[in-house]
Amino acid sequence: MEYLKSLPFVDGDRMGIHGWSYGGFMTTSFMLQTRCIQSGRCRRPGTRLEHVEVMYGERYMDTPQSNLEGYSKNKLVGKADKLKGKLLLIHGTQDATVVWQHTVNFLRDAVSKGVQVDYFMYPGHEHNVRGKDRIHLMQKISDYFDLYLKK
């Protein structure tokens, strides 16, 4: 992060990050650990890797039984009070890869700790938002960054 901020074409006071699926997990994790990012946008954050489809969670983490410490360290639920900056969570209601409960649990944690998080859902969409709704999604992302990062 410090390297990026040192570049002459980077405004270190207005940096954003975005990702979805595993990238959404990484975006949310990053926003819970650093003060450098002003705005983040995340689709489908896997807030507990042991509940993500096996091909994702166990590919990187091995099984929960053999890597209890790793899974515990990477659990996002319970850490909402560490959020730095503005975060927009987006989730499709029919996602079988990263089930909706991940986002609901993180939102519940944020509400219980008085942390403001922005949220948008795409009814009927699975892991990817497709068709004309994809245009809506990309506009939603652009608008969020404009709202919080544009001068």
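General remarks:
- In a residue-by-residue description of the range 103-117, the property of being under 25 Å from Tyr60 (Cα atoms), touching a Ser or Thr at 6+ places or on another chain (Cβ under 8 Å), surrounded by 16 or more Cβ atoms within 10 Å (Cβ to Cβ) and among the aromatic types (Phe, Trp, Tyr) applies to at least one position.
- Of all the criteria given as (1) part of a helix (DSSP H, G or I); (2) surrounded by 15 or more Cβ atoms within 10 Å (Cβ to Cβ); (3) more than 15 Å from the chain's Cα centre (by Cα), the one not satisfied by His136 is (2).
- Looking only at residues in the range 63-80 that are assigned to a helix (DSSP H, G or I) and of a type in the set (A, V, I, L, M), the one that is surrounded by the fewest Cβ atoms within 10 Å (Cβ to Cβ) is Leu68.
- The range 62-110 - residue that is among the charged types (D, E, K, R) and without any contact (Cβ under 8 Å) to a residue 40 or more places away in the chain and, of those, nearest to Gly16 (Cα to Cα): Asp81
- Breaking point among (1) under 20 Å from Tyr144 (Cβ atoms); (2) not in a helix (DSSP H, G or I); (3) not acidic (Asp, Glu), for Thr103: (2)
- Cross-chain or 6+ apart pairs with Cβ under 8 Å, the range 12-34 first and outside any helix (DSSP H, G or I), then among the β-branched types (Val, Ile, Thr) and surrounded by fewer than 22 Cβ atoms within 10 Å (Cβ to Cβ): Met15/Ile37; Gly16/Ile37; Ile17/Ile37; His18/Ile141; Ser21/Thr97
- Of all residues in the range 86-98, those that are crowded, with 18+ Cβ neighbours inside 10 Å and out of contact with any Asp or Glu (no Cβ under 6 Å at 6 or more places or on another chain) total 6.
- Tyr119, sole failed condition from (1) out of contact with any Asp or Glu (no Cβ under 6 Å at 6 or more places or on another chain); (2) assigned to a loop (DSSP other than H, G, I, E, B): (2)
- Members of the range 27-60 found to be more than 19 Å from Gln116 (Cα to Cα), modelled with pLDDT of 65 or more and out of contact with any helix residue (DSSP H, G or I) (no Cβ under 6 Å at 6 or more places or on another chain), listed by number: Glu58, Arg59, Tyr60
The values are calculated or read from the model by the stated rules, or taken from the named source; none is laboratory data. Quick caveat: nothing in here was measured; it's all calculated off a predicted structure. Cβ: placed from backbone, ideal geometry, glycine included. Neighbour counts: every protein chain shown.
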